[in-house]
There are 2 protein chains.
Amino acid sequence: MTNQQNSANSTATWIWYPGDYEIWLGNKVNNRRTDRGAFFPPFWKQDSHYVTVEFSTTLSLAKEETVTLAAEGKYNIKIDGKMLFGMPSRLVLPAGEHKLNIKVWNQLTPPALFVEGETVHTDGTWKVTNEDKEWIDDSGKASDTSASVYMDAGYWNFNTIDELPSQFKLTRQHQEPVAMEPKSNGRLYDFGKETFGYLHFDGVKGTGIIYVYYGESAEEAQDKDFCETLDQFEVKQDGTMVDLQSNTPFTDGITPNNKAFRYVYIECDDTVTVDRVSMEYEYLPVDIRGSFKCNDEEVNQMWNIGIYTLHLTTREFFIDGIKRDRWTWSGDAYQSYLMNYYLFFNSECVKRTTWQLRGKDPVTAHINTIMDYTFYWFMGIYDYYLYTGDAHFVTQIYPRMQTLMEYVLGRTNSNGMVEGQSGDWVFVDWSPKPMSKQGELSFEQILLCKSLETMALCAEIAGEGDDHLRFERLANHLRKQLLPTFWDATRHALVHSVPSDCRMPSTDAAITRYANMFAIFFDYLDEQQKKEVMEHVLHNDAIMPITTPYMRFYEMEAMCKMGEQADVLRQMKDYWGGMIRNGATTFWEAYDPNAENHLSMYGRPYGKSLCHAWGASPIYLLGRYFMGVEPTKPGYEEYDVRPSLGGLKWIEGSVPTPNGAIVLRMDENRIIIKSTEGLGHLHLPGRDVIDIPAGEMVSIEY
Amino acid sequence: MTNQQNSANSTATWIWYPGDYEIWLGNKVNNRRTDRGAFFPPFWKQDSHYVTVEFSTTLSLAKEETVTLAAEGKYNIKIDGKMLFGMPSRLVLPAGEHKLNIKVWNQLTPPALFVEGETVHTDGTWKVTNEDKEWIDDSGKASDTSASVYMDAGYWNFNTIDELPSQFKLTRQHQEPVAMEPKSNGRLYDFGKETFGYLHFDGVKGTGIIYVYYGESAEEAQDKDFCETLDQFEVKQDGTMVDLQSNTPFTDGITPNNKAFRYVYIECDDTVTVDRVSMEYEYLPVDIRGSFKCNDEEVNQMWNIGIYTLHLTTREFFIDGIKRDRWTWSGDAYQSYLMNYYLFFNSECVKRTTWQLRGKDPVTAHINTIMDYTFYWFMGIYDYYLYTGDAHFVTQIYPRMQTLMEYVLGRTNSNGMVEGQSGDWVFVDWSPKPMSKQGELSFEQILLCKSLETMALCAEIAGEGDDHLRFERLANHLRKQLLPTFWDATRHALVHSVPSDCRMPSTDAAITRYANMFAIFFDYLDEQQKKEVMEHVLHNDAIMPITTPYMRFYEMEAMCKMGEQADVLRQMKDYWGGMIRNGATTFWEAYDPNAENHLSMYGRPYGKSLCHAWGASPIYLLGRYFMGVEPTKPGYEEYDVRPSLGGLKWIEGSVPTPNGAIVLRMDENRIIIKSTEGLGHLHLPGRDVIDIPAGEMVSIEY
């Protein structure tokens, strides 16, 4: 469903200050990480909700109406400025035009409100503020220059009075292990594939400690000294069980801690026995709206493993991976968003993650402390608008875009470029060899430039004309400097970096793939330069290779943009196929086909995450560059289709749109497309563009 | 006790992020206001604590040490970067040099920590941060450019492991009413004087509702329709009682709501009876360290009523009054601070109130939304330093002074002056006739100038040399404009305001007392101008009189500065004496000797507060301008004494200093002074300055 503005819902829903629920929920989620039984919160700041929020609406009632009311927090109610006694849960609203204001205070969870009557109910049309600035003069008259900032209420899908937003939980499903094997002093359980959830103990007898070691691999689970996650549970005399890491009791034999694992190794004190161990799988209910199939079963398997990888990491938020951090990381999330548009088209999770990552003002660090991650955050917002057409969200979040961009601009050097300052993590990628993070990195300037362009676009959507012009000017200014600063014509490439006191690339400056591939699909190079980059960088084995699916995502994208789907397919089968041949049931954080050990990372034997969202890029590549569908006007009002078999015999599938889908089948002779909405433009090499009107099947032989 | 820096305490104390406990406690206090049974939080933003805080210290232990540990929140422990399993409450610290880091997460109450061992314990030397920015590279190595901002830990007096900061409560004392009288359908209880606390019910029988109406006057308590505060309590079948406003149960027959009252009128449903009603008086335990006595019993009574008024409003924070707002208001608090230095010398309450009023960044409004109240906030910090010598506090709060001043400077006009913008409450005072709040008010510029001077002084204390120069320059620039802009030489006065496009006072501009009296004691006028102002403004009945004790405080101060103690004494006996003759047991929010009704304000019959901190100014005037004591170097390292009988036959008393007192007795022939610390300088008219060395009694005949 499109969500062009916060329209009046037909039914009541719980409302809150926009972004606040997301930020609060983010703290819960990000603070669930444990590291070998220790609580492990993020190292960046954690914001929180506004503790006191005023909700308001104007009433225009033909007749008196009785509404029921509930709030999460202590509250008061004003009708036309007059406060009512106490905290009534039923309210008689008088006929006629009236103002209704409800103020809620809650330190623990976000102030939230639910009102339901015959015609009056809480929805996204209500206004909220965290400071009403309503002072009175000595006669008791209220001020008339309050300058309060009112936002439209935030909401999700808590649509009955009993579904308290603070009590939200993901869905659970009971699952049994596929195998159990006695090992040394305990038992090794295998759940058959990578999974996530809560262990479930049945038939526990005696008293003492149960020691649990989790593993994404059998090796990890059995390595008591080095597995990344573990638990200790105490069985008490009354039979109750307690998690000793968090001092939290079990419910019905189920642990309070969710964990990622395929294998679980369990040892018990001699005084305790356990009959059966199973699990409660935990997941976000999503519709799988995108589909893909082709004649190559390995590619189909990649699509399916991609679905499962992305589903496991699509939760309260798009998180990086399920074993270790389980945090919201902006660069990771940005790729999840793009994959999501070709699979779940789950707008709510994109919005939640965007609010959560941004947090509150003041900005005191880059998002996740990473400079590049700040830029992906901006870029994700315009993408979201383009895929969904939801201008309202852009308008709501625009003030936080402004303050974040002011932070960025406050850290540019005299050339208007960003360099890592103290406290900035200049990440780019995990690389097999050290890369410089000093001076002006071409990669960071390209992302900054794109972010400024994004600001200009979003300013226009938010109706901020002055900002639009200002950011357009800043973007153009930077854009004009990019090539003079970084392009090395002799070597046919953008260099990795230049010192900030130098205005041209040095002949011995390193060349890396990052800036070059982004410059291709951002169209920052001309066609000749793009071809040079393909030859001298992307197809040049002397240039440091990329070993994370994270940056391979963009490398493949650049190649697809250049029409090299056949090569991409070959590399996909080699790289993602390689993981599958190494037993992957979900895609990994990093993969080096030449490495012997696929489990270690960060100097730890099982440091690598074996279910990492950024591993699932085949979803995006197949949707966007094989089925070839991309929106060209917001919310698929118009879109392009540039299908490519890339050497496959046939492909078929569907790409979700806000209210429907574009269904496509292509083989070596014919392409058939039908969509439920929007005007499509089919681009086939050597042919005029063919329009695809909504609802009509277009079948083309070629 | 002076608190020059956050020194190592000899015993353990609970610690937190500085200011966070105060901001959190402030929400609890400010949100206790009720208005006729409705929850009534402030209309300005309410900030909250950082939910995740890292505490750290470095250890240097001769031998291994076992410590006990408790936290308010979920926590982890790192020794030399290695996290321990779970949340241990005992910890073995190894001998040698080590780093100890503990991270605590708490959404509901401020993360707080208590560690106690033989030599290791939490105190103000621990460091805290809300973002440690400790990322790792792909080898697992921690970043070395984190740029985290570390503050010294905040603490108060929670010195045992069981005294959880979040559980803090003021002290209570049982008190009985002095009279009970049946009235109409209920009973009127009189507690003999203004008081504050919780009603206590004994011998309650039956089931039904008890209706309670509070009054600072007997009239108010008996006016069910217009009394400012009321309660409804339900007696349930099992005998338990519930407050219906907040749905909170009673404890031992005591209400959960504290209220201000002298009188309480109670009606019950026919189905309920109450045997006895008493109260639990609630107060902050303070030492009354200042004293004053003289030959005039009315003046002594003023001093004593001042003590009681100030004590009732000196609580978790210095609040405005106890009946209605019970909020922290910066302009009110500023006067409480000054009175406090001559009575309780309670440094902790000054610091708590200063942190609480300021809140967190970003600054989105003036303090309490009032422009003048922002300026008093700055001024209060340097005063605190001057009286206590506590440079550490200035350094800790300096970053919030900076950001607040940036907000102010961001709202100055092209003349560098402040004008009320949308959302700014330009208060000045409650005045008997309307006064202009438009254009450049001389009063606001004078406060801004003093605030800039304060910034310059505090920047120097905080070691911020560039800021020191910048604010000194800004203050000088503004100072030089004050007289050219506002001084009307013809009328011998500063005019109230000028339009912002006009660079000189108009001959028909209004003249008010505010700017003129501040310019006297800020020394912004020369001696001749001061005399002119006294004659043409302060002693001119044609100029609008002041009817609040709030601004009379400064009016009296200006007169004292000009040596007019005798006139001040006369006016005190007239004005504060007038309240006493009208039955005051505490001093009021406003008093017009000519008014018939002393209860109404804000268009409400009992809107006026009859126990208002700013009413207690005789405390300050008698201490500072009759006993005549004021510090001239921080923490009374040096001080002046300029005693004045002001027409009294004798005065005697003591003025508290950080670690002692200055004791003084004076009659028409002799003055005797002795102090426990600091070097005093006694100024007597027509005589050379006489030094008062600490510990020596100085006795002078004149």
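Miscellaneous remarks
- Farthest toward the positive end of the dipole of chain B, out of B:Leu483, B:Pro256, B:Gly321, is the Cα of B:Pro256, where the dipole comes from beta carbon charges about the Cα centre.
- Of all segments of chain B bounded by GluC sites (Glu not before Pro) found in a DSSP loop with no more than 12 other C-beta atoms within 10 Å, the longest spans B:119-595.
- With helices as the sole contributors, chain B gives -8500 deg cm²/dmol at 222 nm; each DSSP H run of n ≥ 4 counts as -39500 (n - 2.57), and the sum is divided by every residue.
- Computed about the Cα centre, the dipole magnitude for region A:291-625 is approximately 620 debye when only Lys and Arg (+1) and Asp and Glu (-1) carry charge, each at its Cβ.
- B:Asn76 sits among other residues whose Cβ lies under 9 Å from its own Cβ, and their net charge, with Lys and Arg +1 and Asp and Glu -1, is +2.
- Positive contributions from Lys and Arg (+1) and negative ones from Asp and Glu (-1), summed over other residues with Cβ under 9 Å from the Cβ of A:Arg324, come out at -1.
- Per residue of B:46-59, other chain Cβ atoms within 10 Å of the residue Cβ number 4 on average.
- With N as its number of residues, the protein assembly as shown has a Cα radius of gyration that, divided by 2.2 N^0.38 Å, comes to 1.03.
- Evaluated over the Cα positions of region B:284-407, the convex hull gives a direction-averaged projected area, one quarter of its surface, of 8.3 nm².
- Out-of-range pairs (alpha-carbon distance over 27 Å; input B:Lys561/B:Lys674; A:Lys561/A:Lys674; A:Lys323/B:Lys360; B:Lys169/B:Lys224): A:Lys323/B:Lys360; B:Lys169/B:Lys224
- Think of the protein assembly as shown as a dipole: +1 on every Lys or Arg Cβ, -1 on every Asp or Glu Cβ, centred on the Cα centre; then among B:Met87, A:Tyr591, A:Ala391, B:Met87 lies furthest on the positive end.
- The chymotrypsin sites (Phe, Trp or Tyr not before Pro) of region B:81-156 that DSSP puts in a loop, and whose beta carbon has at most 14 other beta carbons within 10 Å, are B:Tyr150.
- Region B:438-457 and region A:486-510: distance between their alpha carbon centers, rounded to Å: 53
- Region B:638-701: translational diffusion in µm²/s, Stokes-Einstein, Kirkwood Rh over Cα pairs, 25 °C, 0.890 mPa s: 207
- Separation of alpha-carbon centers, region B:515-552 and region B:660-692, rounded to whole Å: 29
- Shielding by partners - mean other protein chain Cβ count within 10 Å, residues of B:29-37: 3
- Here region B:171-283 is treated with +1 on each Lys and Arg Cβ and -1 on each Asp and Glu Cβ, and its dipole about the Cα centre works out to around 200 debye.
- Each principal axis of the Cα cloud of region A:134-251 was taken in turn, and the coordinate range along them, longest first, works out to 82, 35, 32 Å.
- In a reduced charge model with +1 at each Lys and Arg Cβ and -1 at each Asp and Glu Cβ, region B:15-167 shows a dipole moment near 560 debye about its Cα centre.
- Backbone geometry of region A:422-436 corresponds, through the Karplus equation with coefficients 6.51, -1.76 and 1.60 at θ = phi - 60°, to 3J(HN,Hα) couplings of 3, x, 8, 8, 8, 8, 6, 5, 6, 10, x, 10, x, 10, 5 Hz, x marking Gly and Pro.
- Summed residue charge, Cβ within 14 Å of B:Glu54's Cβ, Lys/Arg positive, Asp/Glu negative: +2
- Label distances, nm, B:Glu163 versus same residue in remaining copies, Cβ-directed 7 Å point: 4.8
- Exposed trypsin sites (Lys or Arg not before Pro) absent: longest stretch of chain A, with sites in DSSP loops and at most 12 other Cβ within 10 Å deemed exposed: A:237-502
- Total lysine pairs under 21 Å (Cα atoms) in region A:15-167, excluding pairs fewer than 8 apart on one chain: 26
- Potential extension, B:Ser184-B:Ala542 segment - 0.36 nm per residue separation minus Cα distance: 124.1 nm
- When the charge dipole of the protein assembly as shown is built from unit charges on Cβ atoms (+1 for Lys and Arg, -1 for Asp and Glu) and taken about the Cα centre, the candidate among B:Thr374, A:Thr632, B:Leu622 whose Cα reaches farthest toward its positive end is B:Leu622.
- Contour excess over end-to-end distance, with Cα ends at A:Asp35 and A:His98 and 0.36 nm allotted per residue: 17.2 nm
- For region B:390-473: Kirkwood Rh in Å [reciprocal of mean 1/r, alpha carbons]: 14.2
- When you restrict to C-alpha pairs under 8 Å that are six or more residues apart and normalise by the size of chain A, the relative contact order lands at 12 percent.
- For A:Ser89, the point set 7 Å out from Cα toward Cβ sits 3.6 nm from its twins in the other copies, listed from shortest up.
- Here region B:291-625 was treated as a single set of alpha-carbon atoms; its pair distances binned every 20 Å from 0 give 31, 61, 8 percent.
- Estimated vicinal HN-Hα couplings, Hz - region B:42-56 in sequence order (Karplus 6.51, -1.76, 1.60; Gly, Pro = x): x, 9, 9, 5, 10, 7, 8, 6, 5, 7, 10, 10, 9, 10, 8
- Each copy carries a label point for A:Asn413 at 7 Å from Cα along the beta-carbon vector; from one copy to the others these points are 4.3 nm apart, nearest first.
- Whole-angstrom Cα spans of region A:327-465 along principal axes, big to small: 39, 37, 23
- Equivalent-ellipsoid semi-axes for chain A (Cα gyration tensor, √(5λ), whole Å, largest first): 41, 37, 27.
Read-outs: derived from the displayed coordinates by stated rules, not from any lab. Everything numeric in this text was worked out from a predicted model, so none of it was measured. Don't worry about glycine lacking a Cβ; one is built from the backbone with ideal geometry, like all the others, and counts go over all protein chains shown.
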